[in-house]
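Q: Next up is a structure, given as structure tokens.
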Amino acid sequence: MDSRRRVPRTDVVLADPRLVAAARRLGRTVVKDAVAEAQLRVRQGALDPGEVADAAVAALPPYAASLRPVINMTGVLVHTNLGRAPLSPAAMEAAVAAAGYTDVEFDLATGVRARRGRGVTDALARAVPAAEDVHVVNNNAAALVLAATVLAAGREIVVSRGELVEIGDGFRIPDLLVSTGARLREVGTTNRTSRADYLAAVGPRTGFVLKVHPSNFRVEGFTGSVEVAALTGLGVPVVADIGSGLLTREPSLPEEPDAVSMLKAGAGLVTASGDKLLGGPQAGLLLGARDLVERCRRHPLARALRMDKLTLAALEATLRGPATPIHQALRADPAVLRDRAEALAVRLAEAGVDARAVPSEATVGGGGAPGVPLPSAAVSLPERFAVPLRTGDPPVVGRAEGGRLLLDLRAVPADRDGDVLRAVLRVNG
């Protein structure tokens, strides 16, 4: 009899103890899909009927979700397509601890309802004492939408033409602001804006003056812009969108704006991301004058933009905990990176791989520090390694350059070098 006619019944295959255990962990639907795929291979003549259970077990994903952890060797520290900032161990532990029932809006001492997010706002206030008050929402775009809705719906937002930016995937700041019911009052030109331009535009209809960090590009040459400190005397609040999420000055990125500096310069409200240079989960931070923050907190839209309990826990642990992976990557010693690259290249060359250590330049990414190179080191491989490394387990994502695949070490903790080595050796066979 044709083996393709002897496809084992689904219920028989699912009774395999390994698949029973997998169903408890991953869910019956995931396991049944793996079994169905193995049965299809039998019908196609590509698999023996007696191997269906083994094939299904081998095809089971490690998690019930489709997202897969990857090793980021692109040289882009805050890589949006790879999930931006990786969480610290402290943040991951906090998120897992908050996954069940938790006192997110409950006071265990009194047994009554408590303010949501009190732990994270306390941690954020401690981290940025220059802010009179703070609030958190689910991302930086939400923070800016909330500020614009509260302060400028039906009114005008004065902003430089050079700061009406697009930040990726067609997302444009002007479209976001107009969606709130505000009207944009553009001033200056693409490359030059003066204080006089702002002064001429501010009037009774002005909700606030907006300063937007250019984020992912630089304008050089005949340029001019106005700092926050020069805008604070115009009689309306100044909202500064710093984007990348630095709370305080970072020595390795001296030109990157930070929340403390903006507040000290007189910004009434600062908005920032939590999942970029801060190194935490996706979140939007609002920091500034007590009355402005309180108005944002009490607006009905704030409910729609609030953070879930897992993100609250991870953000609080990021603020209170040890240095994040992003912070460590920013401060990485190029000499140490070079030594690691050389050690990996030697091991790979000994196994017959065309590998060599080369200098590299990493970048912040995620709209942070555009045009600022970070000295790094990489392992250079033939470009043919790119696809099998990306599709391996774990996936290793590098970057193509000059006909070679570069595996940049800046964003890779030293304790993952062994994983990288094994991944490359598996591809090499």
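The values are calculated or read from the model by the stated rules, or taken from the named source; none is laboratory data. Just so we're clear, the structure is a prediction, and the values are computed from it rather than from any experiment. As a convention, Cβ positions derive from the backbone with ideal geometry for all residues, glycine included, and neighbour counts pool all protein chains shown. Surface accessibility is based on the protein's heavy atoms, side chains included, excluding ligands, DNA and RNA. Shrake-Rupley method; radii C 1.70, N 1.55, O 1.52, S 1.80 Å.
Q: GNM, the chain, Cα, under 10 Å: largest mean-square fluctuation among GLY243, GLY162, GLY45?
A: GLY45
Q: Report, to the nearest whole %, how much of the accessible area of the chain belongs to carbon and sulfur atoms, 1.4 Å probe, protein only. Could the numbers behind the result be given before it?
A: On the way: 10980 of 20890 Å².
Looking at the chain in its full context, I get 53 percent from C and S.
Q: Against the longest principal axis of the chain, how steep is helix 118-127, in degrees 0 to 90 to the nearest 10, with axes from Cα atoms?
A: 70 degrees
Q: If I take R0 = 41 Å and measure r between the Cβ atoms of VAL346 and THR223 in this structure, what FRET efficiency does the formula 1/(1 + (r/R0)^6) give, to the nearest 0.05? Show your work: numbers first, answer last.
A: Numbers: r = 47 Å, r/R0 = 1.15.
According to the calculation, E is roughly 0.30.
Q: I would also like to ask the following. For segment 121-275, with the dipole built from +1 on Lys and Arg beta-carbon atoms and -1 on Asp and Glu ones, taken about the Cα centre, which of ASN140, GLY268, ALA127 lies farthest toward the positive end?
A: Final value for the positive-end residue is GLY268.
Q: Give the relative contact order (percent, whole number) for segment 350-424; include only Cα pairs under 8 Å separated by 6+ residues.
A: It rounds to 27 percent for segment 350-424.
Q: Run the quick spin-label model on ALA65 and MET92: label points 7 Å from Cα toward the beta carbon, then report their separation in nm to one decimal.
A: It is 1.3 nm.
Q: Normalise the Debye intensity by I(0) for the chain, one equal point scatterer per Cα, no solvent, then take log10 at q = 0.07, 0.12, 0.14 Å⁻¹ and round to two decimals.
A: Evaluating at q = 0.07, 0.12, 0.14 Å⁻¹ gives log10 I(q)/I(0) of -0.46, -1.06, -1.23.
Q: Run through segment 126-193 and list the GluC sites (Glu not before Pro) located in a DSSP loop whose Cβ has at most 13 other Cβ atoms within 10 Å. Intermediate results must be reported in sequence, preceding the final value.
A: Working: sites: GLU132, GLU156, GLU163, GLU166, GLU186; in loops: GLU132.
In loop regions of segment 126-193 (DSSP not H, G, I, E or B), there are no sparsely surrounded GluC sites (Glu not before Pro).
Q: Helix 417-428: angle to the longest alpha-carbon principal axis of the chain, degrees 0 to 90, nearest 10?
A: 50 degrees
Q: Sticking with this structure for a sec: For the chain, take the longest principal axis of its alpha carbons; what is the angle in degrees between that and the long axis of helix 140-152, to the nearest 10 within 0 to 90?
A: In the chain, helix 140-152 runs at an angle near 30 degrees to the longest axis.
Q: Leaving out ligands and nucleic acids, and using a 1.4 Å probe, what accessible area per residue does the chain come to in Å²?
A: Numbers: 20890 Å² over 429 residues.
Counting only protein heavy atoms, the per-residue value for the chain is 49 Å².
Q: Taking only Cα atoms and a 10 Å spring cutoff, compute GNM fluctuations for the chain and point out the largest among ASP258, ASP393, ASP16.
A: For the chain, modelled as a Gaussian network with Cα springs under 10 Å, the answer is ASP16.
Q: May I pose another question? Give me the percent relative contact order of segment 182-285, please, defined on Cα pairs under 8 angstrom at least 6 residues apart. Spell out each step's value before the answer.
A: On the way: 162 pairs, mean separation 23.6, N = 104.
It rounds to 23 percent for segment 182-285.
Q: Right, next: Work out the charge dipole of the chain with +1 on the Cβ of Lys and Arg and -1 on the Cβ of Asp and Glu about the Cα centre, then indicate which of GLY288, SER252, PRO62 is farthest towards its positive end.
A: PRO62
Q: Whole percent per 5 Å bin, from 0 to the bin with the longest distance: what is P(r) over all C-alpha pairs of segment 1-141?
A: Reading upward from the zero bin: 2, 7, 11, 11, 11, 10, 10, 9, 8, 7, 5, 4, 2, 1, 0, 0.
Q: Considering only DSSP beta bridges where both residues belong to the chain, give the percentage that are antiparallel (nearest 5).
A: Working: 29 of 50 bridges.
That works out to approximately 60 percent antiparallel.
Q: At most 10 other Cβ atoms within 10 Å plus a DSSP loop assignment makes a site exposed; report the longest stretch of the chain without any exposed chymotrypsin sites (Phe, Trp or Tyr not before Pro). Display every interim value, and only then the final one.
A: On the way: sites that count: TYR101, PHE222.
In the chain, the maximal stretch lacking such sites is 223-429.
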